[in-house]
1. Taking the simple approach of a point 7 Å from Cα along Cα-to-Cβ for both Glu341 and Arg166, what is their distance in nm?
2. Running Debye on the chain with equal point scatterers at the Cα sites and no solvent, what base-10 log of I(q)/I(0) appears at q = 0.06, 0.14 Å⁻¹?
3. For the pair Asp308/Ala293, report the inter-label distance in nm, with labels modelled 7 Å from Cα in the Cβ direction.
4. Evaluate the relative contact order of the stretch 147-281 (contact order divided by residue number), counting alpha-carbon pairs under 8 angstrom at least 6 apart; express in whole percent.
5. In whole angstrom, note down how far apart the Cα centers of the stretch 346-377 and the stretch 180-255 are.
6. Just read off the accessible area of Thr312 with the full protein assembly in place, 1.4 Å probe, to the nearest 10 Å².
7. Multiplying the sequence separation of Ala59 and Phe140 by 0.36 nm and subtracting their Cα-Cα distance, what value in nm do you get?
8. Report Rg (one decimal) and Dmax (nearest whole number) for the stretch 316-404, counting Cα atoms only, units Å.
Amino acid sequence: MIIDAAFVGRIFRAESGRSIAALISAIGDIDLAEDAVQEAFAIALRRWPAAGVPPNPGAWITTTARNHAIDRLRRQARERRLLGDAALLTSPAKEADHVFDDRLRLIFTCCHPALPTEGQVALTLRLLGGMSTAEVARSFLVAESAMAQRLVRAKRKIKAARIPYRVPDEHELPDRLPPVLSVVYLIYTSGVSGGDPSLCGEAIRLARTLATLMPDEPEVAGLLALVLLSESRRATRTRPDGSPVLLAEQDRSRWDRALIEEGHALVRWCLRRDRPGTFQLQAAIQAVHTDAATAERTDWAQIVTLYDQLLTIAATPVVALNRAVAVAEIHGPAAALVLVEDLDLDGYHLFHATRADLLSRLGRDREAATAYQRAAALAPTPAEREFLHRGGRTARSCKHRQQR
């Protein structure tokens, strides 16, 4: 086994959120918890190549981080409150909340309404998902420097407002839920785009936890259905070299039928409740795709109808872009291109990839090649960049790319 920075980095992504959440539960200081966990991983990078990986890397990181935090508190202690914090770290934490999960408490803390929505989602991704500031910035399509400032402001706000580290009471949950669901879904999609199955697994686990906590909330069920249906296809989305496999080309015999059946059952449950929301509608779209035995048998008219409903409650350019792809399957690329050209998504690589595909299908090869070049320049991974470069030479290579 090669124990290098990449190996430790993968463990960081899988374990840092759990360790940070545990330390925040004990000390109530986000910055100290984050610094201590980062220091623990720096120590691991120095020690593990020679000593080997411990049997439980996550527990080793948490213990090392806790010891580092204790040392720092003792060095900084100028009054009894800080010494009391250090003592608290060395004893079992008392559980006062009705949900026994530090990470779930951390999500609700970071998603407190005192914070702006962008800060809520970004901070939770940073702390819980182990994502770097650059990775979080890429998820939001903003500059890294701007995201760094946003994260600092969010952490300062939590400290200044004395935001409690707990899951809200039952009557508070409906208003606190939307940003939490967005966080869980972004963790999942970050795992997919980054090729990190541990993040996907964490998102599914959190979605199941939320579904247990709120069994009568359709949007929670919709989120769980969405990640399960997406997960059912994850193994077929990429080739061994990391390049994407188009939805129409994925081997449907390898899709996970158990996850599909569970996701479909959740979608049917949501439909009976008749309280549509963004995650329920996205899950319903995924259900239509996974219900088709072949790509040719996809019910594109139903997908367009679902996107129409989604646009009434979430009129975002990305939703409109995805709808345009479905429109192309019914009314042709010219009709879809008219819709795409009106969208303000110049910094989004899939916008340019979709536009390139439509132009190619219309025989406008020179314009398509330019659009492919722009898409490749914006793509987040080398494999996707190479895939899009190939797309410039293959007229229809990006068909349905945004449905991955």
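The values are calculated or read from the model by the stated rules, or taken from the named source; none is laboratory data. All figures in this text were calculated on a predicted structure; none of them were measured in a lab. All Cβ positions, glycine included, derive from the backbone under ideal geometry; neighbour counts span all protein chains shown. Keep in mind that these areas ignore ligands, DNA and RNA; they rest on the heavy atoms of the full protein, side chains included. Shrake-Rupley method; radii C 1.70, N 1.55, O 1.52, S 1.80 Å.
1. Here the answer is 5.7 nm between the modelled labels.
2. -0.27, -1.30
3. It works out to 2.8 nm between the two label points.
4. Worked out over the stretch 147-281, it gives 21 percent.
5. Each part reduced to its Cα centre gives a spacing of 27 Å.
6. 110 Å²
7. Here the segment from Ala59 to Phe140 would lengthen by 26.0 nm.
8. Considering the stretch 316-404 through its Cα atoms, Rg and Dmax are 11.5, 33 Å.
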